[in-house]
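Everything below concerns the one structure shown next.
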Amino acid sequence: MNAPKIVVIGSINMDLVTSSPRFPQPGETLLGTGFNQYMGGKGANQAVAAARLGAHVSLIGAVGADHFGQVLLDNLKKERVNTDAVRIIQDQPSGLANITVAEGDNHIVVVSGANFSLTPSDVEQEEQRIASADVVMAQLETPLDTVIASAKLAKKHGKPFILNPAPAQKLPQELVALTGLLTPNAYELAISLGLSENLTPEEMLQQSPCQVVMTLGSKGALFTDESGAQHRQPSFKVTPVDTTGAGDTFNGALAVFLNQGLHEAVKKACAAAALSVTRPGAQSGMPVYKELAAFLKQAV
Ligand code: RIB
C-alpha cells in the first residue's frame with residue numbers, strides 16, 4: 001500500500017469509562033460493573049485509526065499542561081502519530097470524556113478544556129503540513145472557526161477535506177461548501193444541514209448539497225458518489241463489546257483508503273469499524289492493516 005499523508009485537526013481527550021448493566025434514569029443512582037481509563041477524543045482517535053492502518057499522520061490539537069496531557073501525548077507518539085503541532089495549554093485542563101457503556105451502546109459527555117483553545121492561527125501556522133498532505137480531516141470537538149480555517153487551507157491547496165460533523169451542530173453554509181466529504185450518522189446529518197429527522201437516509205442524502213458518506217451503525221453505510229448517485233455498503237457482522245470510537249475508526253480508515261476510490265474506501269472503513277467494536281475502548285479495538293486485510297479475506 002502507498003502510505004498516504006494525513007493531517008487531522010481535532011480533539012484529544014482522556015476517556016473515563018464506566019460500564020453499567022443499563023443506563024441510569026435522571027436522578028437515579030446505579031451500581032456499575034467496571035471502570036476504565038482510555039485514550040480518546042475524536043481527533044486523536046481518527047489519527048490513531050489512520051496510523052494503525054499504515055498512514056503517515058500528523059495531529060493538530062491541544063492538551064493541558066497536566067498529567068493527562070502528558071499521558072495523551074505519550075500515547076500518540078507510541079501510536080506513531082506526529083505531535084509536533086499539538087499545543088500544550090498552560091491554563092486549561094486536558095479534554096475529558098465521561099462515558100457510560102451499557103446495553104451495547106454508550107452515552108458520552110465531553111468537557112473540552114484545552115481542545116477549545118485551538119485557534120485558527122494555530123492551524124494557519126501549520127499551512128505547510130496541510131499543503132503536503134494527501135487528505136485533511138476534522139470533527140467538531142474544536143472551535144468551529146478553527147475547523148473552517150482548516151477547511152479553507154485544504155481547499156487552497158486542493159486537498160480532500162473530510163468533515164465528521166460530531167458532536168452534531170448546525171453547520172454554517174461556508175463550511176458545507178468547503179467540505180469535500182461529510183461523514184455523519186443520520187442524526188448528525190439532520191442537525192448539520194437542518195433537515196427533518198423524519199426523512200429516510202436516502203431522502204437526506206438527496207437533499208445534501210455536498211457529497212456524504214452516512215454511517216448506519218449495524219446497517220453499514222450509505223454514500224453518494226461524485227455524480228450524486230447513491231450506493232449502499234452492508235455492514236460486517238461481529239458481536240459488539242463497546243461501540244465507542246467506531247465512527248472514528250470508520251473516518252480514519254476512509255481517509256487512508258480514499259486513494260483506492262470511494263467504494264473501496266467505504267468498504268474498508270466499514271470493516272475497520274466492525275473490528276473496532278469487538279474490543280473495549282475507543283482506540284484499543286482499532287485494527288492494524290494486517291488484521292483488516294485478514295478480516296476482509298475471511299469475510300468474502
Ligand atoms: O467518538 C468517541 C470519542 O468521543 C471518545 O473517545 C470521546 O473522547 C469523545 O470525544
Could you tell me which numbered condition Val241 fails, if it satisfies all but one of (1) farther than 20 Å from Pro165 by Cα; (2) surrounded by fewer than 24 Cβ atoms within 10 Å (Cβ to Cβ); (3) touching an Asp or Glu at 6+ places or on another chain (Cβ under 9 Å); (4) among the aliphatic types (A, V, I, L, M)?
(3)
Go through (1) modelled with pLDDT of 95 or more; (2) within 13 Å of the ligand (Cβ to nearest atom); (3) under 24 Å from Ala51 (Cβ atoms) and name the single condition Ala149 misses.
(2)
When you scan region 14-28, how many residues do you find that are within 13 Å of the ligand (Cβ to nearest atom) and either in contact with a Leu (Cβ under 6 Å, 6 or more places away or on another chain) or of a type in the set (Ser, Thr, Tyr) (or both)?
1
Glu291 meets each of (1) assigned to a loop (DSSP other than H, G, I, E, B); (2) modelled with pLDDT of 95 or more with one exception, condition (1)
What number of residues within region 275-286 are buried (at least 24 other Cβ atoms within 10 Å of the Cβ) and either outside any loop (DSSP other than H, G, I, E, B) or away from the ligand (no atom under 16 Å from the Cβ) (or both)?
1
When both residues are 6+ apart or on different chains and their Cβ atoms are under 8 Å apart, which pairs have a first residue that lies in region 91-105 and is closer than 11 Å to Asn115 by Cβ, and a second that is more than 11 Å from the ligand (Cβ to nearest atom) and hydroxyl-bearing (Ser, Thr, Tyr)?
Gln92/Ser117
Being within 11 Å of the ligand (Cβ to nearest atom) and among the polar types (S, T, N, Q): is that true of Thr244 here?
yes
Within region 29-55, which residues are within 15 Å of the ligand (Cβ to nearest atom) and either small (Gly, Ala, Ser) or over 18 Å from Ser276 (Cα atoms) (or both)?
Gly40, Gly41, Gly43, Ala44, Ala47, Ala49, Ala50
What do you reckon, is Leu140 surrounded by fewer than 24 Cβ atoms within 10 Å (Cβ to Cβ), within 30 Å of His56 (Cα to Cα), more than 16 Å from the ligand (Cβ to nearest atom) and touching a residue at least 24 places away in the same chain (Cβ under 8 Å)?
no
Step by step: first the residues of region 156-177, then only those that are surrounded by 20 or more Cβ atoms within 10 Å (Cβ to Cβ) and aliphatic (A, V, I, L, M), then the one that is nearest to Gly245 (Cα to Cα). Which residue is that?
Ala166
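With respect to Phe68, is the statement that it is within 13 Å of the ligand (Cβ to nearest atom), at pLDDT 95 or above, outside any strand (DSSP E or B) and more than 20 Å from Ser132 (Cα to Cα) true?
Numbers: within 13 Å of the ligand (Cβ to nearest atom): yes; at pLDDT 95 or above: yes; outside any strand (DSSP E or B): yes; more than 20 Å from Ser132 (Cα to Cα): yes.
The answer is yes for Phe68.
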When residues of region 152-177 are limited to those that are over 18 Å from the mean Cα position of the chain (by Cα) and not basic (Lys, Arg), the one farthest from the ligand (Cβ to nearest atom):
Gly158
What number of residues in region 71-108 are within 15 Å of the ligand (Cβ to nearest atom) and within 18 Å of the chain's Cα centre (by Cα)?
14
Among the residues of region 33-65, what is the count of those that are assigned to a loop (DSSP other than H, G, I, E, B) and in contact (Cβ under 8 Å) with a residue 40 or more places away in the chain?
4
What is the residue count in region 204-241 for residues that are of a type in the set (S, T, N, Q), within 20 Å of Gln283 (Cβ to Cβ) and more than 16 Å from the ligand (Cβ to nearest atom)?
1
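The values are calculated or read from the model by the stated rules, or taken from the named source; none is laboratory data. Since the model is a prediction, treat every value here as computed from it, not as a measurement. Reconstructed Cβ throughout: ideal geometry from the backbone, glycine too, with neighbour counts over all protein chains shown.
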